[in-house]
Amino acid sequence: MASRVVIALLVALARVAVHAEDWPQFRGPTGQGHSTERGLPLEWSESHNIIWKTPVPGRGWSSPVVAAGRIWLTSAVRERDGASLRALAYDVATGRELLNVELFRLRDAKLLNPKNSHASPTPVVDGDRVYLHFGAEGTAAMTTAGEIVWRTRVPFVNQHGSGGSPVLYEDLLIFNCDGWDAAFVVALDARTGKVRWKTNRRSPADQAYTTPLVIRVGDRDQVVSAGAYRAAAYDPRSGREIWRVAYADGFSNVPRPVYGHGMVFIATGFQQPSLIAVRADGTGDVTKTHTVWTQQRAAPLTPSPLLVGEVLYTVSDIGIAAALDARTGAPHWIQRLGGNYSASPVFADGRIYFQSEEGVTTVAAPGTEFRVLAKNQLDGGMLASMAVSDGSIVIRTESHLYRIGASR
């Protein structure tokens, strides 16, 4: 009898662990916009399937991350003498604000780009540590209890402010610094904030706003970093370049790469964007040898691509969604969703969620035929990407944080 009770308890705990998958970084557990959560809502509105809604102080477009029952954001709160860059934590169950901690101060709170904020990079949570990044304005680590562990600044100058988020690899916090004065990738010691390695971009270098992605190729790890005019893969422990690929018209990149079928899928830049597929098993300059395909139709400027099975999904900033054959780049469908887009799409519970800047989330069925399942409107604009955890969706608008869950 006792053994049956133990077995039942273990099964129950396993179900809870699966049900409450954390979303600890930009684009979720794998950094590629996938969640294993089930039972998510298909439809919602301001009066339907809202578990809670709470105001968020200040301005920020960092995406929410979720871990151990807390939701983390950053925000810039304007003050008479500048702005306060802050870390915010909310209780998943109730939406109650648990922490509101100042990390840095700005003397000048003027926006470098009206669409950006001073708090756009997304935090990373690992165990009892939270890593908060504000680009050139500073990077910090704090405990989940709110104690600041370290603070540092890695200087560079970017015309439009900060956008790219960090990625955690073992005991290293890695991020891109692509400015008009300098362009490099840097790894900080996650325990101390000290620089462990710094790798300069090859010339010509220019501005970019991307987030690195750690991938496994064969028997070694790589950190793939898209920059202006070229992307490169580095050894995450040393910063040594493994391979690089060039693209002519590529700068001010924003989308995070995705990886699958042995290929990295990279959005190349701002003025004339392309989407390229590059085999990740090369060394040196692989532009001519490992570029598998290039596609310009519906290439995104801001939202990251989403790979689901054999299909690569994109949405352009002006709302043109596409489903491409991941192996060839050939379009299965290209459709207008309506609205404008900055948030990156998410795949969860067998559905794809596209969030518009106008507060509309279009839910679509994955596959080679275009099929809309629902359109859901919230008050307030959305530039931050959603998080998925604990059987619910977490969305940040320009003024509020929502937890959305199916009615039970």
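Details
- Residue separation of Arg220 and Gln296 scaled by 0.36 nm, minus their Cα-Cα distance, works out to 24.2 nm of gained length.
- Distance between the pseudo-spin-label points of Arg96 and Arg202 (7 Å out from Cα toward the beta carbon): 5.5 nm.
- The order of the peptides 210-216, 253-259, 35-41 by mean Cβ neighbours within 10 Å, most packed first, is 253-259, 210-216, 35-41.
- Part-to-part distance (alpha-carbon centres) for the range 36-59 and the range 213-247, which is given in Å: 36 Å
- Prolate/oblate/rounded label for the range 186-231 (Cα gyration tensor, a/c 1.5): oblate
- Ranking Pro24, Met386, Phe370 by Cα position along the charge dipole of the chain, where only Lys, Arg, Asp and Glu carry charges on their C-beta atoms, puts Pro24 farthest toward the positive end.
- Share antiparallel - DSSP beta bridges, the chain, percent rounded to 5: 95 percent
- Per residue, the average separation of C-alpha pairs within less than 8 Å and at least 6 apart gives the chain a relative contact order of 15 percent.
- Site pair Thr152 and Glu310 shows an inter-label distance of 4.6 nm when each label is modelled 7 Å from Cα along Cα→Cβ.
- Residue-span extension gain [Thr328 to Arg129] - 0.36 nm each, minus C-alpha spacing: 67.5 nm
- Farthest positive-ward along the chain dipole, Cα basis, beta-carbon charges - from Gly33, Ile395, His332: Gly33
- Remark: C-alpha extents of the range 77-202 on the principal axes read 48, 38, 21 Å, sorted largest to smallest.
- Under 17 Å from the Cα of Lys194 - aspartates and glutamates, other chains or at least 8 residues apart: Glu137, Glu170, Asp171
- Computed about its Cα centre, the charge dipole of the range 23-404 is approximately 480 debye, with only Lys, Arg, Asp and Glu carrying charge at their Cβ.
- For Ala68, net neighbour charge (Lys/Arg +1, Asp/Glu -1) across residues whose Cβ lies under 9 Å away: -1
- The chain - Rg and Dmax from Cα coordinates, angstrom: 20.4, 71
- Packing order of peptides 313-320, 155-162, highest average first: 313-320, 155-162 (average count of other Cβ atoms within 10 Å over each peptide's residues).
- Shape of the range 351-408, Cα gyration tensor, a/c cut at 1.5: oblate
- The range 167-246 shape via C-alpha gyration tensor axes, a/c threshold 1.5: oblate
- A Förster radius of 22 Å combined with the Cβ-Cβ distance from Arg240 to Lys194 puts the calculated FRET efficiency at roughly 0.70.
Values in this text are rule-based calculations from the coordinates and carry no lab data. No experiment lies behind these values; they were computed from the predicted model shown. As a convention, Cβ positions derive from the backbone with ideal geometry for all residues, glycine included, and neighbour counts pool all protein chains shown.
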